[in-house]
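The values are calculated or read from the model by the stated rules, or taken from the named source; none is laboratory data. Computed from a predicted model, the values in this text were never measured in an experiment. Because the Cβ atoms are built from the backbone with ideal geometry, glycine has one as well, and the counts that use them run over all protein chains shown. These accessible areas exclude ligands, DNA and RNA; they are computed on the full protein's heavy atoms, side chains included. Shrake-Rupley method; radii C 1.70, N 1.55, O 1.52, S 1.80 Å.
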Amino acid sequence: MSKLPQVATTIFTVMSKLANETGAINLSQGFPNFPVDPKLIDLLGNMAGQNIHQYTPMAGAPGLLSRLSGLIARQYGRNVDPNSELLITAGATQGIFTTIMALVENGDEVCILDPSYDCYEPAVVLAGGIPIRISLDENFMPDWDRINAKVNEKTKLIITNNPHNPSGRIWGTSDFEQLEALVDKYKNILVLSDEVYEFITFDRPHISANQREKLKDRSIITSSFGKSFHITGWKIGYTVAPPNLMKEIKKVHQYNVFSVNSIAQACLSEYIDQVDVTQLGEFYKKKRDLFSGHLSKSRFKLDPCEGTYFQVADYSAISSDSDVDFCKLLTTEHGVAAIPISVFNADLRDAKKIRFCFAKDDETLIKAAKILCDI
Ligand code: PMP
Ligand code: GLN
């Protein structure tokens, strides 16, 4: 008996394990390989000596909540009440799981846009909801005709992910207008807006649900300090929701984790005001350009990358293998690990595209690109 019969070990675990076993350069699972900001290390050392080793208040350390509310105000011009609209979570993963558990009821339909990040559907299934997987178009942008055709009175939640993993695309204003029209038409629909790459955009600015008047009160927004501060292993993030929804989310959170790691919260509460998140896009843009520049003479064809730290590449000029097989071969035979895109599609549609993570030091990116150019 299994509550999740279709679910296997995540592709990130599979590919990172294979990369470690074979000594391949790991451009698969998304995490930085460069050192974190020394300021953060100093804070960590200082905090360890202070008396902050016990539970924080359930929803988060008050200092962190209020500074986070300041960050959201600076970034998006939205004033959120730290007491009733914010929650510190054990990564965005927990924010997403807890939100779905709190808000999705038996038989509710939940729209998920494919290719989709892998933690959405299992949470919906465990909550008794019905996942409705809808393909994005071939450029990984929303196909609103397709989405409109699937949304109905039974739809409870639409999960959006912008900037988008795995594609690196970002939504434009007209996409938000289309989403707002849907939310306007169906008064019960909520939006779970996964914005973990909110500060990693390059050529166009990120539009957040925090900035959209018509979405604010109908959206649960999740983000990840792991992505914004290069600390994925700390597993800490946050959720923003209007008070009526947050009240329900906290009911689940208190029995799911109760409260998040006190030291991490104390460090971030100091750090958040010492770091300029608006520089993050520029930082990763250089890495994107370095990696794509070095790949320009390869046989990989690169998709546009507007945000996140992922570069999608078409390998159809090199091989007709499935993307899963190609990624395994790339790792074991050539020494570079990547992520196949088909596993994020409910129908496993394989467009012969794979995802490289470029959150790596320059030396690693150049070394990997050299190998990829010889294939
Ligand atoms: N959503 C997306 C789109 C992601 O790429 C990730 C991976 N970091 C998460 C959620 C989970 O974030 P966290 O590591 O903070 O749990
Ligand atoms: N978000 C990371 C990625 O997309 C993976 C995180 C995980 O392994 N769960 O690569």
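Of all residues in segment 121-147, those satisfying the criterion of being crowded, with 20+ Cβ neighbours inside 10 Å, over 23 Å from E306 (Cα atoms) and within 16 Å of ligand 2 (Cβ to nearest atom) are E121, A123. Of the helices (runs of 4 or more DSSP H) that lie entirely inside segment 258-375, not one contains 2 or more residues that are at pLDDT below 95. Scanning segment 222-244 for residues that are closer than 17 Å to G30 by Cα, buried (at least 24 other Cβ atoms within 10 Å of the Cβ) and either of a type outside the set (G, A, S) or more than 6 Å from ligand 1 (Cβ to nearest atom) (or both) turns up S223, F225, K227, I236. Scanning segment 326-361 for residues that are over 19 Å from Q29 (Cβ atoms) and either among the hydrophobic types (A, V, I, L, M, F, W, C) or more than 23 Å from the chain's Cα centre (by Cα) (or both) gives E333, A346, L348, A351. Taking residues in segment 1-16 that are within 16 Å of ligand 2 (Cβ to nearest atom), and partners anywhere that are of a type in the set (A, V, I, L, M), the pairs with Cβ atoms closer than 7 Å and at least 6 places apart or on different chains are L4/V125; I11/I339; I11/V343; M15/A337; M15/I339. G95 - would you say it is within 16 Å of ligand 2 (Cβ to nearest atom) and farther than 30 Å from K301 by Cα? Yes. Residue count for segment 148-173 satisfying the condition of being surrounded by 18 or more Cβ atoms within 10 Å (Cβ to Cβ) and not hydrophobic (A, V, I, L, M, F, W, C): 12. In this structure, S116 qualifies as open to solvent by less than 60 Å² (accessible area, probe 1.4 Å), within 14 Å of ligand 2 (Cβ to nearest atom), in contact with a helix residue (DSSP H, G or I) (Cβ under 8 Å, 6 or more places away or on another chain) and touching a residue at least 40 places away in the same chain (Cβ under 8 Å).
Criterion applied to Q50, Q29, Q54 was being open to solvent by 60 Å² or more (accessible area, probe 1.4 Å), in contact (Cβ under 8 Å) with a residue 24 or more places away in the chain and within 16 Å of ligand 2 (Cβ to nearest atom), and the one residue passing it is Q29.
Each row is one residue, and each column tells you yes or no for (1) within 11 Å of ligand 1 (Cβ to nearest atom); (2) under 19 Å from the mean Cα position of the chain (by Cα).
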site: T89; (1), (2): yes, yes
site: M101; (1), (2): no, yes
site: L113; (1), (2): no, yes
site: D118; (1), (2): yes, yes
site: A123; (1), (2): no, yes
site: W144; (1), (2): no, no
site: A149; (1), (2): no, no
site: L179; (1), (2): no, no
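Screening the candidates A19, A24, A59 for the property of being surrounded by 18 or more Cβ atoms within 10 Å (Cβ to Cβ), within 16 Å of T232 (Cβ to Cβ) and more than 16 Å from ligand 1 (Cβ to nearest atom) yields one hit, A19.
Look at (1) hydrophobic (A, V, I, L, M, F, W, C); (2) touching a residue at least 12 places away in the same chain (Cβ under 8 Å); (3) within 16 Å of ligand 2 (Cβ to nearest atom) and you find that L65 fails only one, number (3). State whether the residues of segment 254-276 include one that is open to solvent by less than 50 Å² (accessible area, probe 1.4 Å), more than 16 Å from ligand 2 (Cβ to nearest atom), over 17 Å from L86 (Cα atoms) and in contact with a His (Cβ under 8 Å, 6 or more places away or on another chain). Within segment 254-276 (the criterion being open to solvent by less than 50 Å² (accessible area, probe 1.4 Å), more than 16 Å from ligand 2 (Cβ to nearest atom), over 17 Å from L86 (Cα atoms) and in contact with a His (Cβ under 8 Å, 6 or more places away or on another chain)), the answer is yes, since at least one residue qualifies. Filtered by the rule that a residue be without any contact (Cβ under 8 Å) to a residue 12 or more places away in the chain and over 27 Å from K367 (Cβ atoms), segment 332-354 gives a lone residue, L348. Residues that are away from ligand 2 (no atom under 16 Å from the Cβ), of a type in the set (D, E, K, R) and in contact (Cβ under 8 Å) with a residue 12 or more places away in the chain within segment 188-219 comprise D203, R204, R212, K214, K216, D217, R218, listed in sequence order.
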